[in-house]
Structure formats: structure tokens, C-alpha cells
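Okay, structure first, notes after.
Readers should treat all values here as calculations from the given coordinates under stated rules, not as data from a laboratory. No experiment lies behind these values; they were computed from the predicted model shown. Neighbour counts run over all protein chains shown; Cβ positions are idealised from the backbone, glycine included.
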Amino acid sequence: MTVLPHSLLLPPETQTERGAALHMLKSCTAFGTRGILVCGHSFRKSGRLDALLDNRPAAADVHTWIHPGGEPTLQQLDDLLAFAREHTPDWVAAVGGGSVIDIAKACAGLLHAPKSSAAYHDGASIPASSVPFMVAPTTAGTGSEATIVSVLTNTETGVKKSIRHPSFMAHHVILDADLLTGCPKEIVAASGMDALTQAIESYCSRGATWLTDTLALQAVALIHDSLPRVFAGDTEKQEVLLTGSYLAGVALSHARLGIVHGLAHPLGARYKAPHGLACAICLPHALAFNRDAIPGKYDRLSHIVEMDAAAYAHAMCARLGLQSPFAGQALEGKDAIVAETLASGSTKANPREVTPDDAALLLHQLFDSEPNP
Ligand SMILES: [Fe+2]
């Protein structure tokens, strides 16, 4: 097996310490005094935004942009880019969940880019960015703090796709488990299942290497150990979950993913399903689909989670109270969903080849099943 991916891209600095995010703006001002801070409504409402700003260095000139909520869109990115370009920042920072991170990352990445964000979303070549990006995740899920990828939906076309460039990598990642406190249970569940899915799909991917397998298996073990307990309110396991999510992000960034993410993007965009929930509901079906293509890896996963891997994914959804947003709904636009699923880079990395009939069958399994898996 190949030991290393063709190209290894890691954040230059990752800090793991409770309370570290409170000092984030000091790190940011090492890159210049003017900055854009992106966060969500809940971070502001909790009073943590004020605490962060109160703790900024005297010279720091920080302008805050509040993400409006929901999955990240190109239109939100354009609003943020317009705001940021007014203030000519030296850096961009994000404190938030995956949506906040993806929007802020794309803002830093495209701040000085000459074309429209829609052009890059449509596939135009992205120039390197020189704008430093700093990030502190407030959910344990997407692993976006460790990747060069920003996943955005164009609400005008309904297309959900990723944009990426090596220069999108965060300069400084802060894994501060205190930031997970107060996260609503349904977000802990959905984002945690996104992390678990990413760890499993990276491990099973055609692009897997020894390094990504090592990281992904450790991520599966950490998430298995911590997700149900953090969901139940155990704050001591927050750091374990946050670490698992981060490792899954590093793994997926180098190994790619699989059919779950191939399906979750077109389904999430059409059915307004949160990404983590869509992944969670697809995961048991995908594991059953892939089982015979990767018997050794499937057994290893089952050994770590102490039961059959597909049954485990199914049971975890039930334990976390996740209900399918697809079950019982009319499956509309099947041919387009199948086409988008097959065109996805994630699907191409799936360990078992996915035919149009396979994708259609998986869709029927999702839409014809019971809401509570
Ligand atoms: Fe994901």
C-alpha cells in the first residue's frame, strides 16, 4: 500500500487547548492589524463573541460578519466578499461550525481573485491566495478546519459543489473543546455523524494510503468512544470528539470520500437536509453496498465499533435520534440526482464501482425506508 498521499497538506499550526480560542485575535494580528472575523448567530448570542473581541490586542481593527445560518451558499459568499473588500483585511478568521468555516475559508481564498465566485464554482482555475486564514471550530463534524475545501451551494442553480486550492489551508487551527459547550444536541448528532462518515469513507476510499488509514481508523475509534457521550452531555469527551473530527478532516483531505458524500450533496441541496444528517442516513446503506468490495477493511471497522459496521451506523442514527429527511418523500429528479452522484469526485473514490442502477437502487432504499432508521 502507498504510504503517503501524492501531496501532503497540513495546517502549519494546530493548537489543542481548552480556552485557547479566547486568545485567537492575538494570533491573528501577527498577520496584520486589520481582519474579518466570521461567526454564527449562536456565538454572538452566547456572549462569546464579545469575550473574544474584548480580548483583542489594542491595535487590532476587527470587523465581524455574522453568517445568516443554513448550509453555505455562493450568495452568502458574495455578501461576505463585498463586506471584506470594503475593509481590505490582512487576514480572515472563522469561529463556527462547518458553514461558517467554509464561507470564511472561501472568502480568504477568493478575496483578491479576479473572477466571480460563480465562475470558480463552475470550475475556473483558482489563483493562489495570500490572505491568511485562522479557524476555531465550534462543532465536531465537518473537519473543514483541516481541509483546503469549501463546499458551497449555488441557490440559483441548486448545484452543490466544492471549490478548493492548496492556499485555502488554514494557517492556524485552534481545537478548543470549550467551544462545543452549548452546542444543540441535534447539531452534536448530525455533525458527529458527518465526522464518523468522513472517517469511514476516507478509510474505505480508493485514494487511501497508509497515512490516511492510520488517521481515519484513529478517528473512527475516537468518535465511537465519544459521540454518544458528548450527545448525552458529557463535557469530558468533547476534546476526544473534536480530535476525531479533525483527524477525519485530515484523512478525507488526502484520501477523498465515497458514495455517501456523492449522494449527500445532490440530496442535501434538493431536500434542504443538513449535510451531517444526510450523511448519517446514507451511511448504513453505503456500508452494506461496499461490504463485499472491501472485506478486510469492513471487518476492521466492525472490530473497532464492536459490531457489524452497517448495523452500527444504523444503530447510531437511532441512538442519536436522527430521522431520515428522505423516507416516505417522493423521489423527484431521480435521473439528475443519479447523474450528479456519478459525476462526484467522492463517488469516483468509492471502493466499489457505482453504476447508474446502483445509485438509483440506493436512492430507492433511502426514499422507500422508514423515517426512523
Ligand atoms: Fe461531510
Which translational diffusion coefficient, to the nearest whole µm²/s, is obtained for the chain from the Stokes-Einstein equation, given a Kirkwood hydrodynamic radius over C-alpha pairs, 37 °C and 0.692 mPa s?
-> 160 µm²/s
Quick one: of the DSSP bridges fully inside the chain, what percent are antiparallel, nearest 5?
-> 20 percent
Using alpha-carbon coordinates alone, the radius of gyration and Dmax of the range 225-273 in Å work out to 14.1, 37
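Could you tell me which of rounded, prolate or oblate describes the range 184-367, using a ≥ b ≥ c as the square roots of the eigenvalues of the alpha-carbon gyration tensor, with rounded for a/c under 1.5 and, failing that, prolate when a/b is larger than b/c and oblate otherwise? Mind showing how you got there, number by number?
Working: a/c = 1.74, a/b = 1.24, b/c = 1.40.
In terms of gyration-tensor shape, oblate.
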The helix 356-367 Cα axis meets the longest alpha-carbon principal axis of the chain at an angle in degrees, between 0 and 90 and rounded to 10, of 80 degrees
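Compute the Cα gyration tensor for the range 13-179, then decide on rounded, prolate or oblate, letting a ≥ b ≥ c be the square roots of its eigenvalues: rounded whenever a/c is under 1.5, prolate when a/b is larger than b/c in the other cases, and oblate in all that remain. Display every interim value, and only then the final one.
Numbers: a/c = 1.64, a/b = 1.44, b/c = 1.14.
Prolate, since a/c reaches 1.5 and a/b exceeds b/c.
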Tell me which aspartates and glutamates have Cα within less than 16 Å of Lys115's Cα, excluding those fewer than 8 residues away on the same chain?
-> Asp78, Asp79
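List the relative contact order of the chain as a percent without decimals, with contacts defined as Cα pairs under 8 Å and 6+ residues apart.
16 percent
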What is the Cα centroid distance between the range 1-51 and the range 343-363, reported in whole angstrom?
-> 35 Å
Packing-based ranking, highest mean first, of 40-46, 122-128 given that Cβ atoms within 10 Å are counted = 40-46, 122-128
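Hey, fewest Cβ within 10 Å first, where do Ser346, Ser150, Ser162 land in order? Show your work: numbers first, answer last.
Details: Ser346 21, Ser150 28, Ser162 18.
Final ranking by Cβ density, sparse to dense: Ser162, Ser346, Ser150.
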By average Cβ neighbour count within 10 Å, what is the ranking of 319-330, 189-200 from highest down?
-> 189-200, 319-330
What would the Debye formula give as log10 I(q)/I(0) at q = 0.13, 0.14, 0.24 Å⁻¹ for the alpha-carbon point model of the range 3-62, no solvent?
-> -0.46, -0.51, -1.08
Debye intensity ratio I(q)/I(0), log10, the range 1-109, q values 0.11, 0.15, 0.24 Å⁻¹ (C-alpha model) | -0.38, -0.67, -1.44
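Take the residue pairs Lys26/Lys160; Lys161/Lys272; Lys26/Lys272; Lys105/Lys334; Lys105/Lys272 and return only those whose Cα atoms are more than 26 Å apart.
On the way: Lys26/Lys160 35 Å; Lys161/Lys272 15 Å; Lys26/Lys272 38 Å; Lys105/Lys334 32 Å; Lys105/Lys272 22 Å.
Too far apart for the 26 Å limit: Lys26/Lys160; Lys26/Lys272; Lys105/Lys334.
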Debye intensity ratio in log₁₀ form over the Cα atoms of the range 157-238, taken at each q of 0.13, 0.18, 0.21 Å⁻¹ | -0.56, -0.99, -1.13
Tell me which aspartates and glutamates have Cα within less than 20 Å of Lys237's Cα, excluding those fewer than 8 residues away on the same chain?
-> Glu17, Glu145, Asp176, Asp178, Glu186, Asp194, Asp225, Glu306
Residues Lys237, Lys348, sorted so that the one with the fewest Cβ neighbours within 10 Å comes first = Lys348, Lys237
